[in-house]
Amino acid sequence: MSNGSDKLKRLHPWIAAAAFGLGAFLVHRALQRYSMDEIVASLGAISADHIALGAAFTAGSFFCLSLSDTLAVRYTGSDLPYPKIALASFTALSIGHLIGFAALSSGAVRYRFYTAWGLSPGDVGRIVLFCAMTVAVGLATGGGIASVAQPALVGEVFRITPGTAMAVGGLLLLLVLIYLGLAAFVHRPLRIRRFRLPVPRLRLALGQVAVGTADVFLVSAVLHQMLAASADIGLFPVAAAYVTANAAGILSHVPGGLGVIEAVILSLVPGANVFGALIAFRVIYYLIPFLIGCVVLGASEIVRRRQAAPPSPDAR
């Protein structure tokens, strides 16, 4: 079993490279119809109001992600205070979103923070898995709600019948209900080899659904604000498209879903103005938080080293 797992890990970079290459090809083919002047003009068409709302929704998304980490820390039984959790969560995820391989990249940053505050490596592993599950149930719930609430619009975007869209949405919501049922009635830890994974209590699982779903709609709202500046499309179709693109990006491990998200959105809503909106979305939701996260991580490392350094003779 371990040999198969090791082989799969070795294949991850190649899978990511292949997915990135395919996404880049699809984006390049879609952009051949547009000039650089058209794309630049589409960026200029995004108003300050749309940008401000996009930034506010981005802040709301990272707040939800900090709540996800808080639920995960409580799941381990730790009472670590929220300000520390928020610091670790923002730093880890702002960097992990852009780098890709989120479980490894954001997990490494989480490990750096949480173990320094007394949590064990096993606890950090449970936090990473818990947060990954929060993302999964959030995507399922958000996609399900969008498909059930607006089946005609979602069906039109994906070129499927409203009945099919509603059926897919219902299936996604059913999977979430099954997860909640496990949390309510299964109280024995799940065993994965030597790793014991306690099933979260129902209250924590409900928190995962609420926080994960809110995050999906907040990120979708960031993208919607950029698209709404020049394209006539509602929030629910954007949310359904984002769920599809984000799931593909997570499975491919492409950094930030780069190329994958663009390919999905451009295929659903073609146009140079849409590509300009995607550029603005990436800057607001990925690039700016990444830069802030790098600064925060660097400052945290400096503070940690100063606190660990022995006092100088002059200070005695």
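The numbers here are math on the coordinates, done by the rules we state, and not lab data. Quick caveat: nothing in here was measured; it's all calculated off a predicted structure. All Cβ positions, glycine included, derive from the backbone under ideal geometry; neighbour counts span all protein chains shown.
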Express in nm, to one decimal, how much length is gained between A55 and A167 on full extension, taking 0.36 nm for each residue of separation and deducting their alpha carbon distance. 36.9 nm
FRET efficiency for L291 and A231 from the Cβ-Cβ distance with R0 = 30 Å, rounded to 0.05, comes out at 0.60
How high is the FRET efficiency between A108 and R306 when r is their beta carbon distance and R₀ equals 22 Å, given to the nearest 0.05? 0.50
Residues with amide H under 5 Å from that of V199, placed H, sequence gap 5 or more: L190
As an exercise, use a Förster radius of 35 Å and the Cβ-Cβ distance of L182 and A45 to find the FRET efficiency, rounded to the nearest 0.05. 0.15
Expected output is a single nm value to one decimal: the length gained when fully extending between I99 and L190, i.e. 0.36 nm times separation in residues minus the C-alpha distance. What is it? 29.7 nm
